[in-house]
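Participant: Would you mind keeping the following structure in view while I ask a few things?
The values are calculated or read from the model by the stated rules, or taken from the named source; none is laboratory data. The shown structure was predicted, so the numbers you read here are calculated from the model rather than taken from an experiment. Because the Cβ atoms are built from the backbone with ideal geometry, glycine has one as well, and the counts that use them run over all protein chains shown. Areas reflect the complete protein model, heavy atoms only, side chains present, ligands, DNA and RNA absent. Shrake-Rupley method; radii C 1.70, N 1.55, O 1.52, S 1.80 Å.
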Amino acid sequence: MAKTEAGGGGSASPWSLYDRLIEGVPEDVAVRDYCLGTCWSYVEADCGMGVSFTTTGGARRRGAEDLRGRSLREVAALSRSWCFEEASLGVAALNAWYSRRALLDPLGCIYDAAREVPDGTVRKMDAFEMLRPEITAAGDASVVVVGHFPHVERIEEYARLTVLERRCSQDNDVPDPACEYVVPSADYVFMTGVTLINKTAPRLLALARDAKVVMVGPSVVMSPVLFDEGIDLLAGSVVADPEKAAFAVRNGAGQFFGEALQMAALPGVRG
């Protein structure tokens, strides 16, 4: 995969990433249920369920019409919305189509067990630990993480770490406008999938064209389209148990990251 000057991998317009993802969703798949939860959201369609992080802010929500029965592609188009609550549902709709084993298995996606692990235990599919040997071997690598993930401080054990955060709260955090200064010189960039919701992904990918880029988290749309934009590894999830996922989203309780979601990793191919 050759990263070019326009965008992370060649897009002339930042909207082309969203348009390609939306266009890949069939028009004849209907939405059956959805929930804009306090922390997480889901969209359930005829093809399956997708989730995303509920992101607040942006433009005011224009309406709250019932989306049940609508085309999944129509709901996926909300990913373009500047109202981040609407965009959260849009990305969940994209995941309802793309983040499914039926599509991912033929692409060589690998999965972690859908089970709970003790607090502090590192899952084998943890994207940061998966890249740890490679980053360590690089020696004195610069790592930029967009979003303050749990236990991200472990990266300090083997690389120089900078965390971009909207609300800085830890020693390594810098405000997200610092991306213009720190991302271009990074060797590795880990991006939260929320960047698809808040529309920062296209610019971050353009800045990270010389880095190895990993997109991380349940909001990641597990589509090869993102490889064309300069991403090298998608570290997201698939819904393993829709009933448990819906319960966890609606009630803010339950085993969301264990039994409901199954961590997944899909590596890209460089040209």
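Yes/no matrix, rows are residues, columns are (1) within 30 Å of Arg100 (Cβ to Cβ); (2) in contact with a Gly (Cβ under 7 Å, 6 or more places away or on another chain):
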| residue | (1), (2) |
| --- | --- |
| Ser169 | no, no |
| Asp173 | no, no |
| Thr192 | yes, yes |
| Leu204 | yes, no |
| Val214 | yes, no |
| Gly217 | yes, yes |
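Participant: While we're here: Out of Gly69, Gly50, which single residue is within 26 Å of Ala260 (Cβ to Cβ), buried (at least 20 other Cβ atoms within 10 Å of the Cβ) and modelled with pLDDT of 95 or more?
Facilitator: Just a single option satisfies the conditions, and that option is Gly50.
Participant: Could you tell me which residue of segment 158-202 is surrounded by the fewest Cβ atoms within 10 Å (Cβ to Cβ), considering only residues that are in a strand (DSSP E or B) and among the aromatic types (Phe, Trp, Tyr)?
Facilitator: Only one residue tops the list, namely Tyr188.
Participant: Residues being outside any loop (DSSP other than H, G, I, E, B), in contact (Cβ under 8 Å) with a residue 24 or more places away in the chain, of a type in the set (D, E, K, R) and in contact with a Gly (Cβ under 9 Å, 6 or more places away or on another chain): count how many of those fall in segment 219-271.
Facilitator: Going through segment 219-271 one residue at a time, the tally reaches 3.
Participant: Counting just the residues of segment 229-271 that are at positive phi and open to solvent by 20 Å² or more (accessible area, probe 1.4 Å), which one comes out modelled with the lowest pLDDT?
Facilitator: Going through the qualifying residues, I end up with Gly254.
Participant: Next up: In this structure, is Glu85 touching a residue at least 12 places away in the same chain (Cβ under 8 Å), open to solvent by 40 Å² or more (accessible area, probe 1.4 Å), under 17 Å from Arg250 (Cα atoms) and in a helix (DSSP H, G or I)?
Facilitator: When the stated conditions are applied, Glu85 passes them.
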